[in-house]
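Before any comments, here is the structure.
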Amino acid sequence: MTTTTPAPRRPLILVIEDNLQNLYLVRFLLEKNGFEVAEARDGRTGLDFVATTVPDVILLDIQLPEMSGYAVAKELRKNAALRSVPIIAVTSFAMVGDRERCLEAGASDYIEKPIDPAEFVAKIRAHLAAEAAHAP
Ligand code: MN
């Protein structure tokens with residue numbers, strides 16, 4: 001009888017982003033660093049996704065069609081299953097108070113576009129480590 005060790009599960013990152021170029025960049029960076037990526041091109045699709053699957057981290061673009069990232073963050077935070085899931089807002093707004101607005105809407109953290117690849121990956125890893133440390 002042989003036994004096989006299952007490969008460690010890759011952390012699942014849900015990326016809610018409408019801009020294809022950003023989506024490709026983020027997917028490339030995440031996959032290159034050992035993450036699994038699920039994509040949603042708008043907030044409603046992202047909300048539908050988390051109704052059945054709990055990702056390890058949610059990356060949330062703030063400038064989205066139909067439903068703003070702020071509104072999506074608020075909806076995500078109503079889902080008890082996502083209570084401990086970090087939501088990282090991604091925005092190109094350079095407005096003062098934007099960070100606060102993201103956090104107020106339920107985001108755990110904030111990344112500014114253009115994305116700095118090293119900083120981006122480090123931030124995701126830090127949130128995953130914090131999440132693991134708080135896991136029961
Ligand atoms: Mn956008």
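The values are calculated or read from the model by the stated rules, or taken from the named source; none is laboratory data. The structure presented is a predicted model; accordingly, all values stated were derived computationally and were not measured. So basically every Cβ, Gly included, is an ideal-geometry build from the backbone, and we count neighbours across all protein chains shown.
For region 102-121, how many residues are surrounded by 12 or more Cβ atoms within 10 Å (Cβ to Cβ), hydrophobic (A, V, I, L, M, F, W, C) and within 19 Å of LEU12 (Cα to Cα)?
Taking region 102-121 as the starting set, the residues that turn out to be surrounded by 12 or more Cβ atoms within 10 Å (Cβ to Cβ) are 102-113, 115-117, 120-121.
Narrowing further to those that are hydrophobic (A, V, I, L, M, F, W, C): 102-103, 105, 107, 111, 115, 120-121.
Checking the rest, the ones that are also within 19 Å of LEU12 (Cα to Cα) come to 107, 111, 120-121.
Number of matching residues: 4.
Is it fair to say ILE16 is of a type in the set (A, V, I, L, M), within 18 Å of PRO86 (Cβ to Cβ), within 16 Å of the ligand (Cβ to nearest atom) and at pLDDT below 95?
Values: of a type in the set (A, V, I, L, M): yes; within 18 Å of PRO86 (Cβ to Cβ): yes; within 16 Å of the ligand (Cβ to nearest atom): yes; at pLDDT below 95: no.
When the stated conditions are applied, ILE16 does not pass them.
For ALA132, are the conditions met, namely being of a type in the set (Gly, Ala, Ser), within 17 Å of ILE13 (Cβ to Cβ) and surrounded by 19 or more Cβ atoms within 10 Å (Cβ to Cβ)? No, not satisfied.
Could you tell me which of the residues ILE62, ILE58, ILE13 is within 17 Å of PHE120 (Cα to Cα) and touching a Ser or Thr at 6+ places or on another chain (Cβ under 6 Å)?
Working: ILE58 fails: touching a Ser or Thr at 6+ places or on another chain (Cβ under 6 Å); ILE13 fails: touching a Ser or Thr at 6+ places or on another chain (Cβ under 6 Å).
None of the other options fit; the residue is ILE62.
Restricting the search to helices (runs of 4 or more DSSP H) fully inside region 1-103 and requiring at least 1 residues that are free of Cβ contacts under 8 Å to residues at least 24 places away in the same chain gives 20-32, 43-50.
Scanning region 48-76 for residues that are closer than 30 Å to ALA7 by Cα, within 16 Å of the ligand (Cβ to nearest atom) and not β-branched (Val, Ile, Thr), we see that the one that is surrounded by the fewest Cβ atoms within 10 Å (Cβ to Cβ) is LEU59.
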